[in-house]
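A.B. asks: My questions all concern the structure below.
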Amino acid sequence: MNRWVCVGLLVWGMGCAGLAAQDGLKAGSDPCDQAARRSAAAVLEAQKGLVGQLVEDLVTQVPPALRTQIAGFKDTLVAATDAVMHCEPANATAEQLQKDLVGQFHANQLHPNPPKPSADDPVRYGADLQVEVSAPAEEPALRIVEIGFDIECGDDTVLLVYEPVRRNSQVISASGVHLDSGTPIGLVRMLRWLAVPYEEISGAFGGFFEYVVLPAQEGKPWRLAVAHGEPWCTSRWSGYKIDLIEPEAGTARVVWHYQQGYVRENGPRLIARQNGFELRLDVGTIESEQMVRKGVFRYVVDGDTVRRVGPIAVDGRGFVDEWLQLPWSEAKQWSVPEGLEGFEKAHEAFARGHKDASVTYSYGPVRACLMKGQYEVEIDAEPGGKQFYDIREGTNGYTLVNFGTTQDERCSGADLMKKK
C-alpha cells in the first residue's frame, strides 16, 4: 500500500480498507492501525538518516542538503502524527495520546547520566526527539502536540493542534474539515506551525518555545499566541519572535507578528491574560554597566488587532529605559498629551546619541517626588550630561509627565534604586 496516500486519506477522515486490501494486509488487521504504524516507522527511518548526517561543531550554517532533510523529517513527523491521532478515540486524554505517540516514535528517552560531550563530538541533528500532548482548559476539545528535536546549539519545534472529526458532517470548519453535532469518530489536524527551511540555525523554532490558547469568541476561532527564540552558539544575546495564529486549512494563518532582541539568561514566560497574552523575558538596556533588565510585553487582542498595553516594564527605571528604546510612534502612547512636543525632541535626541558609539549612558538615582505616585528617573549621558524623566505611576504601569536637564526640586528624596 502507498503509505503516504493512506496517511493523506486518514487526515481527511477517509478509510484505508481498500488500499489495505490491495497491499495484501492480513485479513482482520486494522487498516487504520497499520497505516499509523507504517507512518511511525517512516519517522524512525527519517530520523535515522538525519542523525547520521555529521556536521562540524559550532557551525551555524545549515547546508542545503541538510535543510531539505530537516524539512522532510518534519513533514514525516506531521504525517505520522496525523495518522496516529486519527486512529485514536475523539475523547482520548492528552496523557493517553502522548503515551501512544511516544511509543510509536520512540521519543522522550530518559538519560539519567548522559555522558559529557567532547569538543570533538559530532552534532546530531534530529536526536533526542521529545513529544508532549496537552488539552488546554480554554478549549478542552483540543489536543495540542509539541514535538522537538536537537539541532546545532539548540532545538527545533513543530506544533500541531487537533480537534474531533464527526460522522455525518455538514458544516465546514476553519480547516476545511466538515464538522457538526454528530458523533465524534477521531481527531483531525486543524493547525500546523513550524519553521520553513533555514539557512542558519537561528531560523529554527527553538531557544525557547512557549504558547497559550486564546478561546474562540465573537465569530473568531480559537487562536494561539506562540513565542520562540532563535538558537545560536556563541552569545547570550539573541532574538525572539511572537505570533498570533489561527487555524486555516490545516495549517496556520498569521494574524500578527512581532520580533525583537532578548537575552538568553532566564527562561521566558508566556501567559494568557484577559483578552490577550503577556510575555516576560530578559532584554537589553541602554546602560553600559547594568546591561540586562526584565522586559514585559502585554497585549490585548481585539479581532485582528493586537495592541500593546501597560505595564511595559517592572519598575520606573525600566519604564524610562523601554520608553527611550521604543519607536516614537509607540513611546508617545505612554506620555501625557500636553508634553508630546518636548518629549518627541528628547526622544529624537536620545536616538541620535544611541547610534553614536562614543556616547554612553548610565543610570542615575530614582527619587520620589512630593506629588503622590510621581518619581524622577535620572539618566546620565557621557558626553551630554544629565537627563531627568518624571513619571507617574498608575494602575497599569507608568506615564511620562515631564522631561528636563535639571533636577526637579520637588523630587529630592533618597535614591530608591541605588546600585549595589
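A.B. asks: Taking the range 248-276 on its own, how many of its residues are in a strand (DSSP E or B), farther than 20 Å from residue 232 by Cβ and over 12 Å from the mean Cα position of the chain (by Cα)?
C.D. replies: Residues flagged as in a strand (DSSP E or B), farther than 20 Å from residue 232 by Cβ and over 12 Å from the mean Cα position of the chain (by Cα) within the range 248-276 amount to 10.
A.B. asks: Which condition number in (1) surrounded by 13 or more Cβ atoms within 10 Å (Cβ to Cβ); (2) closer than 30 Å to residue 218 by Cα; (3) polar (S, T, N, Q) is the one that residue 395 fails?
C.D. replies: Of everything listed in (1) surrounded by 13 or more Cβ atoms within 10 Å (Cβ to Cβ); (2) closer than 30 Å to residue 218 by Cα; (3) polar (S, T, N, Q), residue 395 misses just condition (1).
A.B. asks: A further question on this structure: Taking only the range 285-303 into account, find how many residues are assigned to a strand (DSSP E or B) and either surrounded by fewer than 16 Cβ atoms within 10 Å (Cβ to Cβ) or in contact with a strand residue (DSSP E or B) (Cβ under 6 Å, 6 or more places away or on another chain) (or both).
C.D. replies: 10
A.B. asks: When you go through 182, 176, 186 one by one, which is the residue that is at pLDDT below 95, more than 24 Å from residue 303 (Cα to Cα) and part of a loop (DSSP other than H, G, I, E, B)?
C.D. replies: Details: 176 fails: more than 24 Å from residue 303 (Cα to Cα); 186 fails: part of a loop (DSSP other than H, G, I, E, B).
The match here is 182.
A.B. asks: Oh, and also: Is it true that some residue in the range 121-136 is surrounded by fewer than 16 Cβ atoms within 10 Å (Cβ to Cβ) and modelled with pLDDT under 90?
C.D. replies: For the range 121-136, residues surrounded by fewer than 16 Cβ atoms within 10 Å (Cβ to Cβ) and modelled with pLDDT under 90: present.
A.B. asks: Can you name every residue in the range 277-331 that is in contact with a Phe, Trp or Tyr (Cβ under 9 Å, 6 or more places away or on another chain), of a type in the set (Gly, Ala, Ser) and more than 30 Å from residue 358 (Cα to Cα)?
C.D. replies: The one that is in contact with a Phe, Trp or Tyr (Cβ under 9 Å, 6 or more places away or on another chain), of a type in the set (Gly, Ala, Ser) and more than 30 Å from residue 358 (Cα to Cα): 310.
A.B. asks: Any residue at all in the range 14-32 that's crowded, with 19+ Cβ neighbours inside 10 Å, aliphatic (A, V, I, L, M), modelled with pLDDT of 50 or more and in a helix (DSSP H, G or I)? Break it down into steps so the answer makes sense when it comes.
C.D. replies: Taking the range 14-32 first, the residues crowded, with 19+ Cβ neighbours inside 10 Å are 16, 19-20, 31-32.
Then drop every residue that is not aliphatic (A, V, I, L, M), which leaves 19-20.
Applying the additional criterion that residues be modelled with pLDDT of 50 or more yields none.
Looking through the range 14-32, none of the residues is crowded, with 19+ Cβ neighbours inside 10 Å, aliphatic (A, V, I, L, M), modelled with pLDDT of 50 or more and in a helix (DSSP H, G or I).
A.B. asks: I'd like to know if the range 344-354 contains one or more residues that are surrounded by fewer than 21 Cβ atoms within 10 Å (Cβ to Cβ) and closer than 19 Å to residue 260 by Cα.
C.D. replies: Yes, the range 344-354 contains at least one residue that is surrounded by fewer than 21 Cβ atoms within 10 Å (Cβ to Cβ) and closer than 19 Å to residue 260 by Cα.
A.B. asks: OK, next. What are the pairs with Cβ atoms under 6 angstrom where one residue, in the range 49-68, is more than 17 Å from residue 199 (Cβ to Cβ) and the other, located anywhere, is charged (D, E, K, R) and surrounded by 13 or more Cβ atoms within 10 Å (Cβ to Cβ)? Sequence gap at least six, or different chains.
C.D. replies: That search, which allows pairs on different chains as well, returns 51/124.
A.B. asks: Still on this structure: What's the total number of residues in the range 214-231 that are surrounded by 21 or more Cβ atoms within 10 Å (Cβ to Cβ) and not aromatic (Phe, Trp, Tyr)?
C.D. replies: Going through the range 214-231, the residues surrounded by 21 or more Cβ atoms within 10 Å (Cβ to Cβ) turn out to be 214, 222-231.
Checking the rest, the ones that are also not aromatic (Phe, Trp, Tyr) come to 214, 223-231.
So the count comes out to 10.
A.B. asks: Restricting the range 54-71 to residues that are under 22 Å from the mean Cα position of the chain (by Cα) and part of a helix (DSSP H, G or I), which is surrounded by the most Cβ atoms within 10 Å (Cβ to Cβ)?
C.D. replies: Applying the filter and picking the extreme gives 70.
A.B. asks: Pick from the range 232-273 the residues that are buried (at least 20 other Cβ atoms within 10 Å of the Cβ) and at pLDDT below 95: which of them is nearest to residue 325 (Cα to Cα)?
C.D. replies: Ranking the candidates gives 264 first.
A.B. asks: Looking only at the range 305-330, count how many residues are touching a residue at least 60 places away in the same chain (Cβ under 8 Å), part of a helix (DSSP H, G or I) and over 16 Å from residue 394 (Cα atoms). So that I can check it myself, show each step before the final result.
C.D. replies: We begin by selecting, within the range 305-330, every residue touching a residue at least 60 places away in the same chain (Cβ under 8 Å); these are 306, 309-313, 315-317, 319-320, 323.
After this cut, where a residue has to be part of a helix (DSSP H, G or I) as well, the list is 316-317, 319-320, 323.
Filter again for over 16 Å from residue 394 (Cα atoms), leaving none.
The number of residues fulfilling the criteria is 0.
A.B. asks: Does the range 366-387 contain at least one residue that is surrounded by fewer than 15 Cβ atoms within 10 Å (Cβ to Cβ) and of a type in the set (Val, Ile, Thr)?
C.D. replies: No: the range 366-387 contains no residue that is surrounded by fewer than 15 Cβ atoms within 10 Å (Cβ to Cβ) and of a type in the set (Val, Ile, Thr).
A.B. asks: Residues in the range 230-247 that are touching an Asp or Glu at 6+ places or on another chain (Cβ under 8 Å), in contact (Cβ under 8 Å) with a residue 40 or more places away in the chain and either basic (Lys, Arg) or part of a strand (DSSP E or B) (or both): how many? I'd like the intermediate steps shown before the answer.
C.D. replies: As a first pass, look at the range 230-247 and keep what is touching an Asp or Glu at 6+ places or on another chain (Cβ under 8 Å): 231, 233, 236, 238-241.
Going one step further and asking which of them are in contact (Cβ under 8 Å) with a residue 40 or more places away in the chain, we end up with 231, 233, 240.
Now drop any that are not either basic (Lys, Arg) or part of a strand (DSSP E or B) (or both), which leaves 240.
Total satisfying the criteria: 1.
A.B. asks: Then there's this: How many residues, within the range 251-278, are closer than 22 Å to residue 216 by Cβ and of a type outside the set (Ser, Thr, Tyr)?
C.D. replies: 15
The values are calculated or read from the model by the stated rules, or taken from the named source; none is laboratory data. This one's a predicted model, so the numbers in the text were calculated from it and none came from an experiment. Reconstructed Cβ throughout: ideal geometry from the backbone, glycine too, with neighbour counts over all protein chains shown.
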